[in-house]
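The values are calculated or read from the model by the stated rules, or taken from the named source; none is laboratory data. Quick caveat, the model's predicted, so the values are computed rather than measured. Glycine also receives a Cβ, built like all others from the backbone with ideal geometry; neighbour counts cover every protein chain displayed. Surface areas here come from the heavy atoms of the whole protein model, side chains and all, with no ligands, DNA or RNA. Shrake-Rupley method; radii C 1.70, N 1.55, O 1.52, S 1.80 Å.
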Amino acid sequence: MSEQQPLLGYTDSNNIVTHQSWYKRIYARYVVALWVFLGFICLYMLRVNLSVAIVAMTIPRNLKNESVEACPSNINDSSSTPTKHDQFDWNPRTQGFILGAFFYGYTISQFIGGILAERYGAKWIFGCGLLIAGILTLLTPIAARTHVGFLIAIRILIGIFEGPAFPSVGALWGQWVPPLERSIIPPISHAGKEVGVVITTSLAGVLCASNFLDGWPSAFYVFGIITCIWFVFWCFFSYNNPFHHPRCSEKERLHLSTSLPKPKKLQTPWLSIACSLPFWSIAIVSTCIQFVYYVLLTSLPTYFATILRFDLQKNGLMFSIPYIFLLIVIIISGQVADHVRHRQILSTTAVRKIQTIIGCVGSSLFLVLVGYVGCSKVAAMVCITLAIAFIGFNSSGCQISHLDIASNYAGTLVGITNTLASVPGIVAPYVVGAITNNNQTLHAWQLIFNLSAGIGLFGCVIYCIFFDGNEQSWNQSGIHEASTEIQE
């Protein structure tokens, strides 16, 4: 294992940091990670904006005289003031289908995205997918006002082009991230998701309540334009591997080449993957965690507006608070996990399982409590914040485990896992819509939270039983086969 390098500066033969130009003092892998982080912000801007905007786009159910058992409003409470609504008459079932439409497309392209990234490089797979999704987002208001079918079609297409994002970045990490930084760089870059949620929920509410670009359509125009701008910078600052990066120093290339397996065109060991219990434990727990995450991500704005009677257009920051804490947990837990592994206090397997247990049990506990605090807004916010925050422990637990068992096939494994884990994105909004259709009550939402908690715990149990953090034998088999072919 080569010596860990400092974030800034290069050391000379006397181990003294020399201060060169600022762009030479930042290691290339951190620059790539920064633009991945910003890319994930854009990714979730395009994904989450509809969850907030749909509250302003639709006629509230209580105005339609349908079943709503909400908490009593306080006329002196500014969070309960009426919000600005459009005239789309979509019931909860239709809204659930609209919110879930993204994941129909997202599921389709996950698997192929990882394979394409491993073969042709992650830079253009990730970047071009986001660019096209940003352009489609600009067309969303026109589609919504034309027909709900066009809106659903646009959301499916956005999902298709966002689908390769995580698998392609998984392949990118396999080329850029040394083993002792796997609990730091990927989780921090992936924390762009949470930053994207925080920015989107805060800003989208303000945009929807304003007259800028006719209100709610601005939530799509602004985020679509930001994504297109990001793509321009991505083209200049991101590269598939250290050897293609013109600003990567020879010292960093040497460090990465000695830390990482040599990149080769390998035959994917499909049978070994299919028979790998550690891999399937990752896939199952990831799917269960994503069900919890998507229930909260897509449906909390509706719960806040309909049951707790928050005005998200004036209190968008209220919805973003849980994701701020989630971001903090991701960063801190990743640092702790890598420190424990580096000091060899615990094995990789133990670290991943402990992180996952803390994340799943903590999240499930507070989800159950949400259903029992009733109309106490403060208690509900505390429980929801903690339920979401605990999910952050999984980022340095089960959700980074692909790199532990098979770094050479990280893109493929993440592609398979995310394909399965995106199915809850389709199911979760539909389940919420089915339970709350003509039944917007505290009891209905208690059922939703309890169901989510149970699914999260089930995934945790499977992972703890079957996961093994040691490198799988088939991760190197392709290398040996490739070497044999070259010799022949």
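Observations on the model:
- Rounded to the nearest 0.05, the FRET efficiency derived from the C-beta distance between ASN438 and PHE150 at R0 = 25 Å is 0.40.
- 30 Å Cα-Cα threshold exceeded, pairs from LYS193/LYS353; LYS123/LYS251; LYS251/LYS353: LYS251/LYS353
- The range 205-247-the range 342-411 distance, computed between alpha-carbon centres (Å): 29 Å
- Per-residue HN-Hα couplings for the range 365-373 [Karplus 6.51, -1.76, 1.60; θ = phi - 60°; Hz; x = Gly/Pro]: 4, 6, 5, 4, 5, 4, x, 10, 8
- Here the Karplus relation 6.51 cos²θ - 1.76 cosθ + 1.60, evaluated at θ = phi - 60°, turns the backbone of the range 41-56 into coupling constants of 4, 4, 4, 7, 4, 6, 7, 8, 4, 5, 4, 8, 5, 5, 5, 7 Hz, with x for every Gly and Pro.
- Förster radius 60 Å - calculated FRET efficiency between CYS235 and ASN450 (Cβ-Cβ, nearest 0.05): 0.80
- Share of carbon and sulfur in the accessible heavy-atom surface of the range 269-482 [1.4 Å probe, %]: 71 percent
- Once the 1.4 Å probe is applied to the protein heavy atoms, the range 400-465 comes out at 29 Å² accessible per residue.
- Burial ranking of peptide ranges 379-391, 144-156 (average Cβ count within 10 Å, highest at the top): 379-391, 144-156
- Förster radius 45 Å - calculated FRET efficiency between LEU317 and ILE465, Cβ distance, rounded to 0.05: 0.65
- Taking a sphere under 13 Å around the Cβ of PRO278 and counting the other residues whose Cβ falls inside, with K and R at +1 and D and E at -1, yields a net charge of -1.
- Rounded to whole numbers, the Karplus 3J(HN,Hα) couplings from phi for the range 138-145 are 5, 8, 4, x, 5, 5, 5, 7 Hz, using 6.51 cos²θ - 1.76 cosθ + 1.60 with θ = phi - 60°, and x at Gly and Pro.
- Accessible surface of LYS353, taken over heavy atoms with a 1.4 Å probe and every protein chain present, rounds to 40 Å².
- Nearest-10 value in Å² for the accessible area of ARG341, using the 1.4 Å probe: 40 Å²
- Segments 129-142, 434-447 sorted - mean Cβ within 10 Å per residue, highest first: 129-142, 434-447
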